[in-house]
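Student: If you scroll down you'll find the structure; I have some questions about it.
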Amino acid sequence: VYRRVLSDNSPAGVQFQVLSNPEFLAEGTAVDDLTMPDRVLIGGQPTAAGEAAVASLASVYAHWVPAEQIKCTNVWSAELTKLVANAFLAQRISSVNALSAVCEATGADIDHVASYVGSDPGVGKKFLKCGPGFGGSCFQKDILNLVYLCRSAKLPEVADYWMQVIKMNDHQKTRFGQQIVETMFNTINNKKIAVLGFAFKADTGDTRESPAIDICGTLLTENAQVCIYDPQVNEAQIRRDLGAFDLKRMSVAQSAYEACEGAHAIVVITEWGEFKTLELGRIYEAMSKPSFVFDGRNILDQEVLTALGFRVHSIGKPRSWDWRQEVY
């Protein structure tokens, strides 16, 4: 399309080439990803002029990227590689999140299962950490682009397959929110819930497609008092992201300790390093009782929490407490 538009509007005699040079940068490590990439991908037309253009761009990268890491192909292969790379990563996350539900139902431990499965070199250990769902600007967008491409090519079964990755991600966010309500005696009306983390992942202030939006939305819809703390996301951004909900019961704290004071439950959504070193005893003493923890990232020590007196639900872990089974 770009070539046709440019060709039809260019002065006579003007020569040009359209190249595809997708980026593979991750938020929080973008500079390192640019200066020390695991690969550089350049796509061009399979013509002499196209190959010359690809070689010209490759020579720029050659100043700091080893030649064997510069991959040259055609435009469609380069474009599709970008979409598929993110689709594969998202697929792994949705797969392990789906298994987290199986683990909870059977008494298995998702961290153990993921570790042992990941020890198979054909699988690998990366992107096998379960959580409340993936977010960010790339995964969902690129999968939807891939789905659109499949449907345009009249490949509905293939489109449905990749669409299921997004559906599973949406289900995980909904499931985690519903578990909070069900575990707290099926009502969180007027209960204070401390939400730790709002960015879609640690080491960034980006909230695009963050699972925190859906989970906080569930809590607000159930009339909870939601107090949010994130070290990098400001209150204005949080209010914009939650603008579809009634925010009279929503507040933003300046520290995790402030958010947890008087709370009935803590919900960990983002794996910020500072949450791993919180003084849990101090927090427990300041909370309403019974005190609940819903660890959506499995970054807190479940045994320590339980010993302090918390009712703990860690995603993908065997349930340590269920009010329906408690003997009075």
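Student: I want to check the label-to-label distance for ALA105 and GLU274. Put each point 7 Å from Cα in the C-beta direction and report it in nm to one decimal.
Tutor: 3.9
Student: Given a 10 angstrom Cα cut-off, can you work out which residue in LEU146, LEU83, LEU25 is the most mobile in a GNM of the chain?
Tutor: Answer for the Gaussian network model of the chain: LEU25.
Student: Further question on the same structure: Counting Lys and Arg as +1 and Asp and Glu as -1, each charge on the Cβ, what is the dipole of the chain about the Cα centre in debye, to the nearest 20?
Tutor: Roughly 620 debye for the chain.
Student: What is the distance in Å between the Cα centres of segment 127-181 and segment 3-78?
Tutor: So the two Cα centres are separated by 29 Å.
Student: Tell me, in nm to one decimal, what length is gained between SER7 and ARG151 on full extension, where the rule is 0.36 nm per residue of separation less the Cα-Cα distance?
Tutor: Contour length minus Cα-Cα distance gives 49.0 nm.
Student: How many percent of the accessible area of the chain is carbon or sulfur, using a 1.4 Å probe?
Tutor: Carbon and sulfur together cover 55 percent of it.
Student: Taking the alpha-carbon set of segment 16-75, what are its Rg and Dmax in Å?
Tutor: Looking at segment 16-75, its Cα Rg and Dmax stand at 11.9, 39 Å.
Student: Over 31 Å between Cα atoms, which of LYS129/LYS154; LYS126/LYS167; LYS191/LYS317; LYS125/LYS248; LYS154/LYS317 qualify?
Tutor: Among LYS129/LYS154; LYS126/LYS167; LYS191/LYS317; LYS125/LYS248; LYS154/LYS317, the Cα-Cα distance tops 31 Å for LYS129/LYS154; LYS125/LYS248; LYS154/LYS317.
Student: Which values, in whole Å and largest first, are the semi-axes of the equivalent ellipsoid of segment 90-206 obtained as the square root of 5 times each eigenvalue of the Cα gyration tensor?
Tutor: They are 27, 20, 15 Å, listed from largest to smallest.
Student: Write down Rg/Rh for segment 188-243, rounded to two decimals, with Rg from the C-alpha atoms and Rh from the Kirkwood relation over Cα pairs.
Tutor: 0.95
Student: As a test of understanding, state the convex hull volume per residue of segment 122-166 from its alpha carbons, in Å³.
Tutor: Cα-based convex hull of segment 122-166, divided per residue, equals 91 Å³.
Student: Right, next: For segment 131-241, what is the accessible area per residue in Å² when the probe is 1.4 Å?
Tutor: 42
Student: Which loop-located trypsin sites (Lys or Arg not before Pro) does segment 158-213 contain, where loop means any DSSP state but H, G, I, E or B and the Cβ has at most 16 other Cβ atoms within 10 Å?
Tutor: ARG208
Student: Ignoring everything except DSSP H segments at least 4 long, calculate the 222 nm mean residue ellipticity for the chain; use -39,500 (n - 2.57) per segment, divide by total residues, nearest 500.
Tutor: The helix contribution divided over the chain gives -14000 deg cm²/dmol.
Student: Identify which of GLY133, GLY107, GLY13 has the largest mean-square fluctuation in a Gaussian network model of the chain, with springs joining Cα atoms closer than 10 Å.
Tutor: GLY13
Student: Taking Cα centroids, how far is segment 252-301 from segment 186-214 in Å?
Tutor: Taking the Cα centre of segment 186-214 as reference, the centre of segment 252-301 is 12 Å away.
Student: A follow-up question, please. Give me P(r) over the chain, computed from all C-alpha to C-alpha distances, binned every 10 Å, as integer percentages.
Tutor: The calculated distribution, bin by bin, is 5, 22, 28, 21, 13, 8, 3, 1, 0.
Student: Gain in length, LYS167 to PHE127, computed as 0.36 nm per residue apart minus the alpha-carbon separation, to one decimal in nm?
Tutor: My answer for the length gained is 12.6 nm.
Student: Ok, one more. Test of understanding: what is the full-extension gain from VAL304 to PHE24, defined as 0.36 nm times their sequence separation minus their Cα-Cα distance?
Tutor: 96.9 nm
Student: Heavy-atom accessible area per residue, segment 1-115, 1.4 Å probe: how many Å²?
Tutor: 59
Student: Relative contact order for the chain using alpha-carbon pairs under 8 Å, separation at least 6, rounded to a whole percent?
Tutor: Contact order relative to length: 15 percent.
Student: If you don't mind, there's one more thing I want to ask. Out of all DSSP beta bridges in the chain, what portion is antiparallel? Express it as a percent rounded to 5.
Tutor: Rounded to the nearest five, the antiparallel share is 5 percent.
Student: Net charge within 12 Å of ARG39 by Cβ-Cβ distance, Lys/Arg positive one each and Asp/Glu negative one each, not counting ARG39 itself?
Tutor: -2
Student: Go through ASN234, THR277, GLY296 and say which Cα lies farthest out towards the positive end of the charge dipole of segment 229-328; charges sit on Cβ, +1 for Lys and Arg, -1 for Asp and Glu.
Tutor: Ranked along the dipole, the leading option is GLY296.
The values are calculated or read from the model by the stated rules, or taken from the named source; none is laboratory data. As the structure is a prediction and not an experimental result, all values here were calculated from the model. No Cβ is skipped: glycine too gets one built from the backbone with ideal geometry, and neighbour counts run over all protein chains shown. Areas reflect the complete protein model, heavy atoms only, side chains present, ligands, DNA and RNA absent. Shrake-Rupley method; radii C 1.70, N 1.55, O 1.52, S 1.80 Å.
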